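Inspection log for the structure reproduced underneath, given as structure tokens.
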Amino acid sequence: MINSDSLFTISFHSGYCTISDKGVSMSVNSKQKGSRGEREWRDKLREYGITARRGQQFSGSPDSPDVVSSLDDEFHWEVKRTEALSLYKAMEQAKKDSGESQKPIIAHKRNGKKWLVVMDADDFLKLVDELILGRV
């Protein structure tokens, strides 16, 4: 085990290692899959003409979303590239990390499946009201 000024801990096990940051442990493969998912979601946004890049992954705040995009005034992206998603836990994280004016949105993808977007029902219905029904 390597510990550097309590910023993170790396533990080596047979066949894999884990990186622990602020009490959260994640295998390197899981971390790589998360990074890959963030790049894939960034590319999906770009397909639709939305300027996007991966965020700075350090603090869990509105200043460090998983993906930074031209829609950041409205949305905070929480990207999950996993087979099993704890939906409410992911939404709580997105809400905690989002700014006051941002709608937290989870972008989720499983292997071999299309991207899904999950958001609070009230936020969704407000968008429908504004964009489809034309009411402000």
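Just so you know, all these numbers are worked out from the coordinates, no wet-lab data involved. Quick caveat, the model's predicted, so the values are computed rather than measured.
Would you please give the residues with an amide H less than 5 Å from that of Thr82, counting only those at least 5 places away or on a separate chain, with H modeled from the backbone geometry?
Counting only residues 5 or more places away or on other chains, the set is Lys109.
Pull up all non-local amide H partners of His76: gap of 5 or more, or a different chain, and H-to-H distance under 5 Å with H placed in the peptide plane.
So His76 has HN proximity to Lys103, Ile105.
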